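Remarks on the structure that follows.
The values are calculated or read from the model by the stated rules, or taken from the named source; none is laboratory data. For clarity, every value in this text was computed on a predicted model and none was experimentally measured. Note: ideal-geometry Cβ built from the backbone for every residue, glycine included; neighbour counts use all protein chains shown.
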Amino acid sequence: MKPIAIVKPVLFAAAAAPAVALAWNAYTGDLTANPVDYITDQTGSWALACLIVSLGVTPFRRLTGWNDVIKVRRMLGLFAFFYATLHMLTWVTLVSFFDVPTMIEDVTMRPFITVGMATFLILLVLAITSNRASIRRLGRRWQTLHRLVYLAGLGGVIHFWWLVKADTTEPQRWAVALAALLGFRAWWTWRTRTLSRF
Amino acid sequence: VEFVTLLDPVQMPGQRGRVLQWPYVEGLRMDEARNPLTILAVGMYGEQLTAQNGAPIRLVVPWKYGFKSGKSLAKIRFVDAEPRTAWNISAPQEYGFYANVNPDVDHPRWSQARERRLGEFLPRRTVVFNGYGDQVAGLYAGMDLRRNY
């Protein structure tokens, strides 16, 4: 049995665990003294985590030569979209309470929410075009379209950075992780292009 | 009046970080400090103050945003100029000296028009001066509360 046949389900369980934990905590009434903030923070953090890890799949594949690992990339990306959707829905329902004028004001006047909403929309487009039918239909343009995931990663980090009051420690860590992963890809592309000249 | 919090990174490990300048300093105008609603608290809900709530003695200024109510006070001084306060030093465009609860004056990055009370699930509209307008609005008669945020 190939290792990927075990790794993928295990990774699925790991990625789903925070959602299960959140649902369990909601059921047992254990959502901290500030439940709405807790749900928002958790879903947001796990969306960013899944996104950053999904951006690490290709570097990992290139460094290890383990090609099969690419099979978890889409799953992780869709988990990022899943948590981002929960995060956005939490904002619509529990923070804004469906108050449309307030939501419009938030999206247009609070830069961190503008960036957050834009990032969500990018993830939405990527999720919709993540299936095999889309890959076939879009051909080479699929690759170009899905490079938007880099923008989504950047948007997620900026959204986080701009919403903290003063302690930017956590957003900084994510920014470093993102920079490392994107930096690796840039270096790899440069390396491939330079070496292929000979 | 200037209120200075204890500086003790051993007891308060958070003070090892550089999010704010330590010791935590807060201040009030003399008439704000003399208002009956300004309290130096030693207990809460019938119990003695706990460490995380600012034991042994803390400031409570109920018509202002929470960061004005300094905890674990170690020093109180009378100064002739408006003191630089901790959050004002950290982000002067976001945290002013007066910090009166005011739904009409937004924080630069988010609105102050709604609030959520601990224990309540849904948000509610913020009330200016946290509802203590009768007792404290007079302190700010004629002041532009948008400039003096």
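Inspect the stretch A:117-126 for any residue being closer than 30 Å to A:Val20 by Cβ and either within 14 Å of chain B (Cβ to nearest Cβ) or among the basic types (Lys, Arg) (or both) and give the result as yes or no. Checking the stretch A:117-126: not a single residue is closer than 30 Å to A:Val20 by Cβ and either within 14 Å of chain B (Cβ to nearest Cβ) or among the basic types (Lys, Arg) (or both). Scanning the stretch B:112-147 for residues that are surrounded by 16 or more Cβ atoms within 10 Å (Cβ to Cβ), out of contact with any Pro (no Cβ under 7 Å at 6 or more places or on another chain) and either without any contact (Cβ under 8 Å) to a residue 12 or more places away in the chain or within 13 Å of chain A (Cβ to nearest Cβ) (or both) yields one hit, B:Pro123.
The conditions of being touching a residue at least 24 places away in the same chain (Cβ under 8 Å), assigned to a helix (DSSP H, G or I) and over 27 Å from A:Trp162 (Cα atoms) are met by A:Arg74. Cβ-Cβ distances below 7 Å connect no pair with a first residue in the stretch B:27-49 that is surrounded by fewer than 14 Cβ atoms within 10 Å (Cβ to Cβ), a second residue that is acidic (Asp, Glu), and a separation of six or more residues or different chains. Evaluating B:Pro62 against the criteria (1) assigned to a loop (DSSP other than H, G, I, E, B); (2) more than 13 Å from the chain's Cα centre (by Cα) leaves one unmet condition, (2). Residues in the stretch A:104-133 that are surrounded by 14 or more Cβ atoms within 10 Å (Cβ to Cβ) and hydroxyl-bearing (Ser, Thr, Tyr) were compared, and the one that is nearest to the chain's Cα centre (by Cα) is A:Thr119. The set of residues in the stretch B:80-109 that are hydrophobic (A, V, I, L, M, F, W, C), surrounded by fewer than 17 Cβ atoms within 10 Å (Cβ to Cβ) and within 10 Å of chain A (Cβ to nearest Cβ) contains only B:Ala91. When A:Arg147, A:Arg136, A:Arg141, A:Arg73 are screened for being surrounded by 13 or more Cβ atoms within 10 Å (Cβ to Cβ) and either under 17 Å from the mean Cα position of the chain (by Cα) or of a type outside the set (Ser, Thr, Tyr) (or both), only A:Arg73 passes. Taken over the stretch A:6-60, residues that are more than 18 Å from the chain's Cα centre (by Cα) and either at positive phi or within 14 Å of another protein chain (Cβ to nearest Cβ) (or both) amount to 10. Within the span defined as the stretch B:94-104, one or more residues are of a type in the set (Val, Ile, Thr), modelled with pLDDT of 95 or more and within 21 Å of B:Leu145 (Cβ to Cβ).
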